[in-house]
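In what follows, a structure is listed as structure tokens, so that the remarks can point back to it.
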Amino acid sequence: MKRRCLLFSFLIIILMFSNLTAKTDLSAMQMGWQEFPLAAVDNLFIPYSNPSLLATGNANGLGIVNLADEDKFVKHYWLMLNSDFLSYSFERDHDKNYHMIAAATELLPRYIHPNIYVGANFRFEENNADYGTFRSALTYRPHDFASVAFALDNPLKMKPSYRFGLALRPFVFTDKVADYRLELSADINYSKLDKNSDAVYLDDYEIKSPVLGINTQLLDGVKMGATYNIDEETALLSFSLSSAIFEIGSMVRAKENDNFGYAYAHLTDDYFKPILGLKPQQWYEMPAKVNLVSYEAPKFSMGPFKIYDNETRSIEAICQELKKAKQDQTVNGILLVNPSFSTSFALQQELVAAFQDFKSSGKKVAVYYDNISNGGYILASAIADKIYLNPMGSVDIRGLAIASPYLKDLLNSLGIEVVNFRSHKYKNAANIFSENEMTAAEREAYESILQSIYDQMVAQINAGRSEKLIKPIQTIIDEGPYLIAQNALDLGLVDEIIYKDQLDEVLKEDFGFAARSSKLAVYRNYDWSRPKENQIAMIYASGNIVSGKGTPGQKIAQETTVDLIHKARNNPMYKGIILRVDSGGGSAQASDIILREIKLAQTENKLPVVVSMAGAAASGGYYISASADRIIANPSTITGSIGVVGFTFNASEMFKKIKVNWSTVKKGERSDLGSIHRSWSEDEKKLVEDSIAHTYDRFLSIVADGRKGLSKDDVHAIAQGRVWTGEQAKTNGLVDDLGGLDVAVEHMRELTGIKGYIRLVDASAQHDDIRLDIDFNSLMMLSAFEAVANLSSEYIQIYDMWKDFEDDTALMLCPISLDTIKF
């Protein structure tokens with residue numbers, strides 16, 4: 001919207017400059033550029049012929065044009081610089097210099113009405129602005145079949161002229177031929193040149209005979225076109241070749257005894273389709289070292305500067321990259337070399353689904369490892385057609401485990417008592433401090449979670465490798481890891497043992513091609529019309545739920561999150577809200593305030609809300625999800641944990657040991673409640689216990705109200721702090737469907753009744769920020785930084801948790817973090 005306002009301002013400036021025009025210069029028209037089909041021009045000359053189409057982006061890049069005349073070749077030329085919405089051209093004509101500026105924009109946002117473009121240009125002589133020409137244009141492309149355009153030349157003067165254009169693509173209605181293969185056009189001028197001067201007068205206007213045109217691209221990259229002006233008996237013939245990001249062409253304007261032509265070269269921003277349909281077979285070597293998250297947040301912020309880790313990427317960005325690779329005709333497969341996708345198993349499942357969608361087009365995936373980690377093998381086995389391993393490599397497949405330290409005895413030895421307030425035995429987030437070993441309830445919960453995830457892991461491996469494995473995968477896991485590469489090969493875990501430098505040769509032998517590309521091409525859009533956008537607000541809730549303000553993606557800060565939801569629900573362009581949750585919970589009060597704003601979106605604004613759960617949406621993370629119209633989780637999402645916990649420390653014995661004496665003066669019996677230098681009375685403990693019980697009861701009511709098929713008693717039966725996987729949660733009614741964000745979008749489509757294109761808008765982002773990407777891993781290679789990082793990471797996590805929740809009595813906090821499960 002800001003860019004659109006800026007461009008409208010720029011167009012007004014062009015109009016103001018055009019007011020200086022006193023004499024019409026027909027140089028460009030004489031060159032024939034303005035005789036291109038007004039509604040169909042699609043090349044370097046868009047800014048001259050129809051400046052409104054500059055907003056389509058198909059003129060982007062750098063261009064040079066020369067008269068195709070031996071004497072004038074270096075005397076008359078043009079240099080052009082075009083972007084999506086602005087253009088500048090420098091023209092040298094013997095001893096004179098000319099400049100042309102153009103601007104364009106889409107008139108309306110695409111969620112209101114797409115495909116209406118407006119633009120204008122102004123061409124003037126250097127040091128003589130009185131000698132110039134002005135053209136404005138409007139184009140409407142309601143369908144890929146039709147394009148309609150209107151242009152005005154010098155509209156503020158006494159000699160305006162008008163041009164109407166219509167272009168059609170007759171092959172739109174058949175799937176057997178690409179619609180851009182043939183374009184038919186007709187343009188009509190409405191003007192009359194006075195016989196005694198070069199001025200055009202309003203009372204002499206007449207409709208001219210049409211200028212008829214045809215453009216063809218029977219083979220990709222080979223364009224031929226022609227127009228014929230019936231009144232002037234002139235023809236414009238064009239021919240061009242395009243490949244990759246380069247186009248060369250020539251044009252001839254033919255009239256009896258007055259023929260001339262010119263040649264041009266265009267270096268574009270976007271790729272053309274492969275010339276003649278010749279598609280090189282190649283691998284896309286995808287960046288493979290990624291910290292995969294549900295939402296990419298900056299590491300640090302300094303005013304408008306946001307500093308990001310260049311190895312951290314969101315699952316949505318990776319999925320979009322895979323869709324792009326699927327559509328790229330020059331990509332026949334994806335090659336991963338020593339991939340490392342550090343993430344939760346739930347996000348890995350979304351990643352696997354995206355790779356499988358890529359492979360559904362018949363394309364291949366190959367993976368090479370020097371050594372394969374446990375999580376790496378779970379991924380590779382599900383997506384790879386071939387897995388290659390270094391001769392000295394290993395396959396560290398070993399299953400899943402949860403291990404947790406218990407600090408009760410240590411704290412007791414120091415004289416610190418932990419007072420653990422929990423609603424139920426399964427609500428064990430504080431057990432690390434209050435217990436000296438895993439409780440029976442904890443073990444029961446962990447066994448259930450691990451079994452569910454383990455079963456999913458086994459199914460994922462079997463889906464990709466069962467026909468190649470010599471033994472059942474459960475047996476192979478129990479007998480792992482495999483430190484000798486040959487053993488892994490013998491069991492069918494990998495397909496070949498090779499060195500990395502042999503990879504090209506083996507790829508050629510196994511797949512028939514070995515060429516690699518490290519980047520994906522951005523192709524120009526050959527469609528005339530863009531779909532109307534139905535915009536859905538994406539609000540990302542990642543991290544601990546805390547009070548106050550914070551950065552989206554780092555914490556779910558209550559004030560910030562409520563503000564994001566409030567703005568989204570009151571923005572008329574949004575038809576719904578998808579809340580993407582990746583959180584183990586946090587502050588009960590902050591969770592309740594966020595939930596209230598979500599309910600207001602549903603009741604006051606009548607917006608459907610769909611929750612898409614990523615790695616975790618447990619305890620407070622489930623609380624803020626509970627009222628959603630639909631809840632979608634990945635099969636291994638950690639969710640549930642419906643319960644409340646609170647804990648505090650009594651260090652009175654420690655202070656005695658270290659000879660520290662406390663004295664207190666107070667007014668109010670409980671004014672020093674929570675002080676760590678004294679023990680809690682039974683009445684004080686009951687005060688907190690009642691608060692915990694009340695909060696738990698409210699939690700049950702919230703879930704029962706949101707889950708229409710569950711009564712409060714039903715919720716209590718599956719609550720009590722119990723943690724579930726998404727797969728288990730679907731069975732017990734806590735979630736509606738399994739899948740990633742794509743499944744959530746389809747549920748939003750059903751709820752809203754949207755039939756067309758849905759665009760997800762990141763409503764959590766600050767679009768005015770300046771992004772800086774830094775390789776933090778390279779920074780950590782410095783020994784001092786690495787030592788500090790290794791020493792402090794766990795202490796920092798404990799400190800952050802303490803700071804996040806120091807003022808909260810009741811916490812909705814999941815006992816299982818994603819880092820706890822080692823896979």
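The values are calculated or read from the model by the stated rules, or taken from the named source; none is laboratory data. What you see is a predicted model; the values in this text were computed from it and never measured. Because the Cβ atoms are built from the backbone with ideal geometry, glycine has one as well, and the counts that use them run over all protein chains shown. Ligands, DNA and RNA are excluded from the accessible area calculation, which covers all protein heavy atoms including side chains. Shrake-Rupley method; radii C 1.70, N 1.55, O 1.52, S 1.80 Å.
Values as computed for the structure displayed
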{"read-out": "Contour minus Cα-Cα distance for GLN327 and SER360 (0.36 nm per residue)", "value": "10.7 nm"}
{"read-out": "Distance (nanometres) between label positions extended 7 Å along Cα→Cβ at ASP385 and TYR499", "value": "2.7 nm"}
{"read-out": "Dipole of the chain, positive end: most advanced residue of LEU67, HIS424, PHE305 [Cβ charges, Cα centre]", "value": "HIS424"}
{"read-out": "Residues THR664 and SER413, FRET efficiency given R0 of 30 Å [Cβ-Cβ distance, rounded to 0.05]", "value": "0.70"}
{"read-out": "Crossing angle, helix 345-359 versus the chain [Cα axis fit, 0-90 degrees, rounded to tens]", "value": "30 degrees"}
{"read-out": "Label corresponding to mean projected area of the Cα convex hull in nm² when calculated from the structure given, among [x] 51.7; [y] 39.6; [z] 45.3", "value": "[z]"}
{"read-out": "Percent RCO, i.e. relative contact order, over the chain, from Cα pairs under 8 Å lying at least 6 residues apart", "value": "11 percent"}
{"read-out": "Alpha carbon centroid spacing (whole Å) that separates segment 488-531 from segment 677-711", "value": "55 Å"}
{"read-out": "Span from the segment 88-120 Cα centroid across to the segment 571-624 one, whole angstrom", "value": "43 Å"}
{"read-out": "Neighbour-limited loop hits for GluC sites (Glu not before Pro), segment 486-524 (at most 14 other Cβ within 10 Å; DSSP other than H, G, I, E, B)", "value": "none"}
{"read-out": "Value of Rg/Rh across segment 600-706 [Cα atoms, Kirkwood radius]", "value": "1.19"}
{"read-out": "Nearest-20 debye value, the chain charge dipole, Cβ charges on Lys, Arg, Asp, Glu", "value": "1220 debye"}
{"read-out": "Segment 260-305, accessible area per residue, ligands and nucleic acids excluded (1.4 Å, Å²)", "value": "47 Å²"}
{"read-out": "For segment 552-688: accessible area per residue (Å², 1.4 Å)", "value": "40 Å²"}
{"read-out": "Computed label-point distance, nm, for sites ILE275 and ALA765 using a 7 Å Cα→Cβ extension", "value": "3.6 nm"}
{"read-out": "Efficiency of FRET between GLN486 and GLU509 - r from beta-carbon atoms, R0 35 angstrom, step 0.05", "value": "0.95"}
{"read-out": "Segment 269-349, relative contact order in percent, only Cα pairs under 8 angstrom and at least six apart counted", "value": "45 percent"}
{"read-out": "Protein accessible area in the chain, 1.4 Å probe - carbon and sulfur %", "value": "54 percent"}
{"read-out": "Net charge dipole size for segment 370-445 [Lys, Arg +1 and Asp, Glu -1 on Cβ; Debye, nearest 20]", "value": "200 debye"}
{"read-out": "In Hz, Karplus ³J(HN,Hα) per residue of segment 434-442 (6.51, -1.76, 1.60; θ = phi - 60°; x = Gly, Pro)", "value": "9, 10, 9, 6, 5, 6, 4, 5, 4"}
{"read-out": "Dipole of the chain, positive direction: furthest Cα of HIS566, LEU108, TRP724, with charges on the beta-carbon", "value": "HIS566"}
{"read-out": "Per-pair calculated FRET efficiency, R0 = 22 Å: SER691 and SER671 via Cβ, rounded to 0.05", "value": "0.80"}
{"read-out": "DSSP bridge orientation in the chain - percent antiparallel, rounded to nearest 5", "value": "65 percent"}
{"read-out": "Relative contact order, percent, segment 393-487 [alpha-carbon distance under 8 Å, six or more residues apart]", "value": "47 percent"}
{"read-out": "Mean Cβ neighbour count within 10 Å, used as a protection proxy, ranking 367-380, 562-575 highest first", "value": "367-380, 562-575"}
{"read-out": "Solvent-accessible surface (1.4 angstrom probe) belonging to MET654, in square angstrom, nearest 10", "value": "50 Å²"}
{"read-out": "Solvent accessible area, Å² - PHE649, 1.4 Å probe, full protein context", "value": "40 Å²"}
{"read-out": "Cα gyration tensor, segment 410-522 - rounded (a/c under 1.5), prolate or oblate", "value": "prolate"}
